[in-house]
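This report concerns only the one structure given below.
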Amino acid sequence: MNNTDKSTISHFAIKIVEKGLTVPAIFLLESTKYISFIAGQALIFFGPILTVFVNDKKYYDFIQLLEKKENIEFLIKEIEESHLGLNK
(Lines give C-alpha, C1' and ligand atoms only; values in the text may rest on other atoms or scores of the structure.)
Protein backbone atom coordinates (compact mmCIF):
# COMPACT_ATOMS: atom_id res chain seq x y z
CA MET A 1 0.00 0.00 0.00
CA ASN A 2 1.48 3.34 -1.02
CA ASN A 3 1.38 6.65 0.88
CA THR A 4 -1.52 7.98 -1.19
CA ASP A 5 -3.63 4.94 -0.26
CA LYS A 6 -2.73 5.34 3.41
CA SER A 7 -3.59 9.03 3.27
CA THR A 8 -6.97 8.30 1.64
CA ILE A 9 -7.84 5.67 4.23
CA SER A 10 -6.72 7.90 7.11
CA HIS A 11 -8.82 10.79 5.80
CA PHE A 12 -11.87 8.53 5.52
CA ALA A 13 -11.27 7.23 9.06
CA ILE A 14 -11.22 10.77 10.43
CA LYS A 15 -14.51 11.57 8.65
CA ILE A 16 -16.12 8.45 10.15
CA VAL A 17 -15.04 9.44 13.67
CA GLU A 18 -16.11 13.08 13.22
CA LYS A 19 -19.60 11.97 12.20
CA GLY A 20 -19.89 9.76 15.31
CA LEU A 21 -19.99 6.51 13.35
CA THR A 22 -17.03 4.80 15.02
CA VAL A 23 -18.88 1.83 16.54
CA PRO A 24 -21.16 1.04 13.55
CA ALA A 25 -18.27 1.40 11.11
CA ILE A 26 -15.98 -0.92 13.06
CA PHE A 27 -18.80 -3.43 13.50
CA LEU A 28 -19.57 -3.39 9.76
CA LEU A 29 -15.92 -3.58 8.72
CA GLU A 30 -15.09 -6.40 11.15
CA SER A 31 -18.11 -8.43 10.03
CA THR A 32 -17.40 -8.02 6.31
CA LYS A 33 -13.61 -7.97 6.03
CA TYR A 34 -13.47 -11.61 4.95
CA ILE A 35 -15.88 -10.97 2.08
CA SER A 36 -14.44 -7.58 1.16
CA PHE A 37 -13.97 -8.47 -2.51
CA ILE A 38 -17.63 -9.43 -2.90
CA ALA A 39 -18.72 -6.29 -1.04
CA GLY A 40 -16.49 -4.23 -3.35
CA GLN A 41 -18.14 -5.77 -6.38
CA ALA A 42 -21.57 -4.91 -4.98
CA LEU A 43 -20.46 -1.30 -4.51
CA ILE A 44 -19.28 -1.22 -8.12
CA PHE A 45 -22.72 -2.48 -9.18
CA PHE A 46 -24.41 0.34 -7.26
CA GLY A 47 -21.81 2.88 -8.41
CA PRO A 48 -23.91 4.61 -11.07
CA ILE A 49 -26.55 5.41 -8.46
CA LEU A 50 -24.24 6.30 -5.58
CA THR A 51 -21.92 8.51 -7.63
CA VAL A 52 -24.77 10.98 -7.99
CA PHE A 53 -24.00 11.93 -4.37
CA VAL A 54 -20.19 11.67 -4.33
CA ASN A 55 -17.23 12.24 -6.63
CA ASP A 56 -17.10 9.20 -8.93
CA LYS A 57 -13.28 8.99 -9.16
CA LYS A 58 -12.87 9.04 -5.38
CA TYR A 59 -15.70 6.51 -5.04
CA TYR A 60 -14.16 3.96 -7.38
CA ASP A 61 -10.65 4.51 -6.01
CA PHE A 62 -11.94 3.88 -2.50
CA ILE A 63 -13.73 0.70 -3.62
CA GLN A 64 -10.45 -0.63 -4.99
CA LEU A 65 -8.83 0.00 -1.63
CA LEU A 66 -11.59 -1.78 0.28
CA GLU A 67 -11.41 -4.90 -1.87
CA LYS A 68 -8.21 -5.88 -0.04
CA LYS A 69 -8.53 -7.33 3.45
CA GLU A 70 -5.31 -5.72 4.69
CA ASN A 71 -6.66 -2.28 3.76
CA ILE A 72 -9.82 -2.91 5.77
CA GLU A 73 -7.72 -3.87 8.77
CA PHE A 74 -5.70 -0.67 8.31
CA LEU A 75 -8.94 1.35 8.13
CA ILE A 76 -10.20 -0.22 11.37
CA LYS A 77 -6.91 0.62 13.07
CA GLU A 78 -7.05 4.20 11.79
CA ILE A 79 -10.66 4.62 12.99
CA GLU A 80 -9.71 3.37 16.44
CA GLU A 81 -6.66 5.67 16.62
CA SER A 82 -8.64 8.68 15.37
CA HIS A 83 -11.38 7.97 17.90
CA LEU A 84 -8.88 7.84 20.73
CA GLY A 85 -7.18 11.02 19.49
CA LEU A 86 -10.42 13.00 19.33
CA ASN A 87 -11.66 11.81 22.72
CA LYS A 88 -8.59 12.76 24.78
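Results, tabulated for the structure shown:
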read-out: Portion, in percent, of the accessible area of the chain that falls on carbon or sulfur, probe 1.4 Å; value: 63 percent
read-out: Using a Förster distance of 30 Å, the FRET efficiency for I26-D61 (Cβ separation, nearest 0.05); value: 0.85
read-out: Selection of chymotrypsin sites (Phe, Trp or Tyr not before Pro), region 1-79, meeting DSSP coil and at most 12 other Cβ within 10 Å; value: F46, F53
read-out: Gap separating the Cα centres of region 1-62 and region 65-83, nearest whole Å; value: 10 Å
read-out: Residues of type lysines that K58 reaches as a straight line, Cα spacing below 25 Å, ignoring anything fewer than 8 places off in the same chain; value: K6, K15, K19, K33, K68, K69, K77
read-out: Selection from L66, N55, S10, by position along the positive dipole direction of region 9-88 (Cβ); value: N55
read-out: Label assignment, log10 I(q)/I(0) by the Debye sum over Cα atoms at q = 0.17, 0.22 Å⁻¹ derived from the structure, set (i) -0.72, -1.17; (ii) -0.78, -1.19; (iii) -0.68, -0.95; value: (i)
read-out: Dipole moment magnitude, nearest 20 debye, the chain about Cα centre, only Lys, Arg, Asp, Glu C-beta charged; value: 100 debye
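The values are calculated or read from the model by the stated rules, or taken from the named source; none is laboratory data. Keep in mind the model is a prediction, meaning the values are calculated, not measured. Methodologically, a virtual Cβ is constructed for each residue, glycine included, from the backbone with ideal geometry; neighbour enumeration extends over all protein chains shown. Keep in mind that these areas ignore ligands, DNA and RNA; they rest on the heavy atoms of the full protein, side chains included. Shrake-Rupley method; radii C 1.70, N 1.55, O 1.52, S 1.80 Å.
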